[in-house]
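Chemist: Quick one: this structure, given as structure tokens, is what I'll be asking you about.
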Amino acid sequence: MKLWGGRFTKPTNQLVEEYTASISFDQKLWRQDIVGSSAHVAMLGKCGILPMDEVSLILNGLKKVKDKIEHGQVTFLVSHEDIHMNIEKMLIEEIGPVGGKLHTGRSRNDQVALDMHLYLREKLMEIIQLAYYLQDALLEQAEKHLDTVMPGYTHLQRAQPVLFGYHLMAYVSMLGRDIERLQQCWHRVNILPLGAGALAGTTFPIDREFVASMLQFDDIYLNSMDAVSDRDFIVEFLADASLLMTHLSRICEEMVIWSSQEFSFIELDDAFCTGSSIMPQKKNPDVAELVRGKTGRVYGNLVGLLTVLKGLPLAYNKDMQEDKEGMFDTVATLHGALALLTPMIQTMQVKSDRMREAVTKDFSNATDLADYLVTKNIPFRQAHEIVGKAVLYCIEQQKYLLDLSMEEFKEFSPLIEEDVYHALDIDTVVNARNVLGGTARVQVEKQIAAYRERQVPSQEWIKQNSQKVMVESLVDIGSGVKRASL
């Protein structure tokens, strides 16, 4: 008999039961469901809606259910549809009919919304911390390579020489914005929906502020219809996750390129690579490739949920059951990518000599020759044309700019003097860009210092809010009864 079966004259068709059940995936929410139920029943006792002896019985029953699930002593049943009904059935089996009073003053609509908020705020905190670790790994590598020069690229063609540390700092900056977005998202996740009922509130004199305090929510949904139909917080997370995965995919793409024999700028640690079943010499950057590939599924989860929500009338609709699998998948995908990339970047070997060799055998200092001519009072457009002809000459002669003799230089402009060799030296070229945001060593040092300073408040934020996501300790059974009695 279904818990909601009183109105029905026929049992649910087995195919309908299997098709509509969500227990196969929403069982991930069992901890959150028990924590939320514990806070709810404590509130019912505090408000005098249930007598305290029944509150104690239900709370202790929930603890027994929790212990059994933790020890693998239960089987979740499709016939009970979802995690909420499964746990309520277990509770009733544990303590008898009084377990049915747990659902007083609430609906599955606000119950599932609460579970999702509890789950996502916990996982968001983990992801924020992992993103911070990855950012720190990039910062450490940037600090090690303040003197490592590499080609900078546009269109994947060599453009201008830059410091390797400078290149990595671009990803540090991206992750900084990702962390900020996730922190902002966290505040919109940390809102209490419980107490909204099915859509219009409840006739019982509940105390939503009490529940919010127990579960350490920063805010409460003011409109009950919004509370049960809102999935903006999940969409926002999926959007932020998609952008974070974009950044991870971009750096993975570069690691794949850099580790190829054609580039040979880095070597990834053997622990993060795999081999070939047929070619013994192969060392494949599979982790980086998979992160790049899995980015698509995160995008798909975002588009999928947006599509589900776009035509839904208020308030709750069964379509919204589709909000969970994509969220769970994105959490797992992002968690795995961040956890792997941090040690992979920490252990990668940077081939500084190979990088420097690359920038001495190209024309990435051509812009600096044009800038040099500008200092001789030649308009930039004219200087650009002069240098273009010089580059063409070098290509025909199989030379580079620094290979040209002074006589050859003067064929292009009589204003060129001996100091041109210093101006075109790779280290000079890099450090000449000594402006805010530039690749000069002193500027990269400033960028690193700036992000080190920004990490301090970020870590403080994590410390301040981490206690709010510890679902195991949010509602202690004994303290729940004690607080409800006050």
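Values in this text are rule-based calculations from the coordinates and carry no lab data. All values derive from a computational prediction rather than experimental measurement. Positions of Cβ are backbone-derived with ideal geometry, glycine not excepted, and every protein chain shown enters the neighbour counts.
Chemist: Taking the alpha-carbon distance from LYS410 and a cut-off under 23 Å, which lysines remain once sequence neighbours fewer than 8 residues away in the same chain are dropped?
Modeler: LYS361, LYS376, LYS389, LYS399
Chemist: Please compute the length gained on full extension between ASN60 and SER79, using 0.36 nm multiplied by the number of residues separating them and subtracting their Cα-Cα distance.
Modeler: Numbers: separation 19, 0.36 × 19 = 6.84 nm, distance 2.53 nm.
Full-extension gain reported as 4.3 nm.
Chemist: Suppose R0 equals 22 Å. What FRET efficiency, 1/(1 + (r/R0)^6) with r the Cβ-Cβ distance, do GLU267 and LYS463 give to the nearest 0.05? It would help to have the intermediate numbers written out before the result.
Modeler: Values: r = 37 Å, r/R0 = 1.67.
E between GLU267 and LYS463, to the nearest 0.05, is 0.05.
Chemist: A follow-up question, please. Where in segment 180-246 are there chymotrypsin sites (Phe, Trp or Tyr not before Pro) that are in a DSSP coil and have at most 12 other Cβ atoms within 10 angstrom of their Cβ?
Modeler: Passing both the DSSP loop test and the Cβ count: no residue.
Chemist: Counting only GluC sites (Glu not before Pro) that are in a DSSP loop and have at most 10 other C-beta atoms within 10 Å, tell me the longest site-free stretch of the chain. If you can, show how the numbers build up before the last one.
Modeler: Working: sites that count: GLU262, GLU418.
So the longest stretch without any such site is 1-261.
Chemist: Beyond 17 Å, how much of the Cα-Cα pair distribution for segment 243-339 remains, as a whole percent?
Modeler: Details: 2814 of 4656 pairs.
Of all Cα-Cα distances in segment 243-339, 60 percent exceed 17 Å.
Chemist: Same structure, new question: Taking R0 as 56 Å, what FRET efficiency do you get between GLU407 and ARG297 from their Cβ-Cβ distance, rounded to the nearest 0.05? Walk me through the intermediate numbers first.
Modeler: Details: r = 61 Å, r/R0 = 1.09.
In this case the efficiency is close to 0.40.
Chemist: Turning to a different aspect of this structure: For every helix of n ≥ 4 consecutive DSSP H residues, a contribution of -39,500 (n - 2.57) applies; sum these over the chain, divide by its total residues, and give [θ] at 222 nm rounded to the nearest 500 deg cm²/dmol.
Modeler: Numbers: 21 runs with 304 residues, N = 486.
Computed mean residue ellipticity for the chain: -20500 deg cm²/dmol.
Chemist: Moving on to the next point. Taking +1 at the Cβ of each Lys and Arg and -1 at the Cβ of each Asp and Glu, which of LEU415, GLN398, THR367 sits farthest along the dipole of segment 366-423 towards its positive end, judged by Cα position relative to the Cα centre?
Modeler: The one lying farthest along the dipole's positive direction is THR367.
Chemist: How big is D, in µm² s⁻¹, for segment 366-423 by Stokes-Einstein at 20 °C and 1.002 mPa s if Rh is the Kirkwood radius over C-alpha pairs? Kindly include the intermediate steps, with their values, before the conclusion.
Modeler: Working: Rh = 11.2 Å.
Translational D for this selection: 191 µm²/s.
Chemist: Using the charge dipole of the chain (Lys, Arg: +1 at Cβ; Asp, Glu: -1 at Cβ; taken about the Cα centre), state which of THR274, THR295, MET116 has its Cα farthest towards the positive end.
Modeler: The one lying farthest along the dipole's positive direction is MET116.
Chemist: Leaving out same-chain residues fewer than 8 places away, which lysines sit with a Cα under 20 Å from that of LYS10?
Modeler: List returned: LYS2.
Chemist: With everything on Cα atoms, drop me the angle between helix 323-347 and the longest principal axis of the chain, reported from 0 to 90° to the nearest 10.
Modeler: Its long axis makes an angle of about 40 degrees.
Chemist: Hey, another quick one. In debye, nearest 20: dipole of segment 366-423 around its Cα centre with unit charges on the Cβ of K, R (+) and D, E (-)? Mind showing how you got there, number by number?
Modeler: Details: 5 positive and 11 negative charges, 47 e Å.
Magnitude of the dipole: close to 220 debye.
Chemist: Using all alpha carbons of the chain, what is the percent of pairwise distances in each 10 Å bin, ordered from the shortest bin to the longest?
Modeler: Binned Cα distances yield the sequence 4, 16, 21, 18, 14, 11, 8, 5, 3, 1, 0.
Chemist: Further question: Gain in length, ASP353 to ALA432, computed as 0.36 nm per residue apart minus the alpha-carbon separation, to one decimal in nm? Please list the in-between numbers first.
Modeler: Working: separation 79, 0.36 × 79 = 28.44 nm, distance 2.13 nm.
So the chain would gain 26.3 nm between ASP353 and ALA432.
Chemist: Another question, then. When every alpha-carbon pair in segment 395-459 is counted, what percent end up more than 17 Å apart? Walk me through the numbers on the way to the answer.
Modeler: Details: 1239 of 2080 pairs.
Tail of P(r) above 17 Å: 60 percent of Cα pairs.
Chemist: Report, ordered by chain and residue number, the lysines lying within cross-link reach of LYS123, taken as a straight Cα distance under 27 Å and ignoring same-chain residues fewer than 8 apart.
Modeler: LYS28, LYS63, LYS64, LYS66, LYS68, LYS294, LYS310, LYS318, LYS324, LYS463, LYS468
Chemist: Right, here's the next one. Report the one residue of VAL78, LEU134, GLN346 whose Cα lies farthest in the direction of the positive end of the charge dipole of the chain (charges on C-beta: Lys and Arg +1, Asp and Glu -1; origin at the Cα centre).
Modeler: Value computed over the given set: VAL78.
Chemist: Something else about it: Once you have the Kirkwood Rh of segment 72-150 from its Cα pairs, apply Stokes-Einstein at 25 °C and 0.890 mPa s and quote D in µm²/s.
Modeler: This corresponds to a translational diffusion coefficient of 146 µm²/s.
Chemist: Helix 286-309 versus the longest principal axis of the chain: what is the Cα-based angle in degrees, 0 to 90, to the nearest 10?
Modeler: Once rounded, one gets 50 degrees.
Chemist: Still on this model: For helix 164-189, what angle does its Cα long axis make with the longest principal axis of the chain, in degrees from 0 to 90 and rounded to 10?
Modeler: Computed tilt is about 20 degrees.
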